[in-house]
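The values are calculated or read from the model by the stated rules, or taken from the named source; none is laboratory data. Treat the numbers as computed from the prediction; the structure is a model and nothing was measured. In this analysis, Cβ positions are derived from the backbone assuming ideal geometry, glycine residues included, and neighbour counts consider all displayed protein chains.
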Number of protein chains: 2
Amino acid sequence: MSNQELSGRLLDVLPTCESAVIGQPLSAEQASELAKVFKAVGDPIRLRLLSLIASHAGGEACVCDLTGAFDLTGPTISHHLKVLREAGLITGERRATWVYYRVRPEMLTRLSEVLAPTNLSEAGV
Amino acid sequence: MSNQELSGRLLDVLPTCESAVIGQPLSAEQASELAKVFKAVGDPIRLRLLSLIASHAGGEACVCDLTGAFDLTGPTISHHLKVLREAGLITGERRATWVYYRVRPEMLTRLSEVLAPTNLSEAGV
């Protein structure tokens, strides 16, 4: 399954309300899709890569911009970038020598909304 | 390290701004603490448990309220609840026969804020 397919699927199955985790129980299908993405960010290297890309000048970064922040080889960085792409959290576009990565803000927004406890009072907490 | 220690530590090290992942690169320490919590929710059973607890009447649930939703044994459910507790996402309080679980809204809020791409324009996306 391509990253476009996975992320499209996630955006389809997740509810659009602002606090899916809090307001109502997630279905097994929703939880399965969502867990794949949280698993992708459940790694400190990938979290740092995501934040480095998002905060880089112009909102995009290539591997050449990222390797200096880690004591890791290029192939290891590339592996983690692939996991983030497959989870639909970033896109990659090849231009000349390098692939340039950007975060997908719609995915971050959806993940953020799913966790936001805005309906806590309704849930009785 | 107890769940109170871990969650207290996470709340200490994470920035309080609304889009830590987007607005500035996470430090290695922040990413390490945060990744532990995302790893805990990077599992479909734990995500469903979290949403079931949060949306249960009164905002709390015991194992007896949760097992019916899964084709899993009680000990397996208890294991997943322990992971959520150790990540600081839920609390558990024993009353008579049962332990009653509640979500920790401050942790969900913090996780949600970290992912929210509210400062995307500042980051140039």
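The single condition among (1) closer than 14 Å to A:LEU108 by Cα; (2) surrounded by 20 or more Cβ atoms within 10 Å (Cβ to Cβ); (3) within 14 Å of chain B (Cβ to nearest Cβ) that A:ARG85 does not satisfy is (3). Applying the condition of being out of contact with any strand residue (DSSP E or B) (no Cβ under 9 Å at 6 or more places or on another chain) and not in a helix (DSSP H, G or I) to the stretch B:57-82 and asking which residue is farthest from the other protein chains (Cβ to nearest Cβ) yields B:THR73. Taking the conditions exactly as written (modelled with pLDDT under 95, closer than 30 Å to A:ALA69 by Cβ and within 7 Å of chain A (Cβ to nearest Cβ)), does B:SER27 satisfy them or not? Here the answer is no, as B:SER27 does not meet what is asked.
Got at least one residue in the stretch A:32-49 being at the interface with another protein chain (Cβ under 7 Å from one of its Cβ atoms) and of a type in the set (S, T, N, Q)? Checked against the condition, which is being at the interface with another protein chain (Cβ under 7 Å from one of its Cβ atoms) and of a type in the set (S, T, N, Q), the stretch A:32-49 yields at least one hit.
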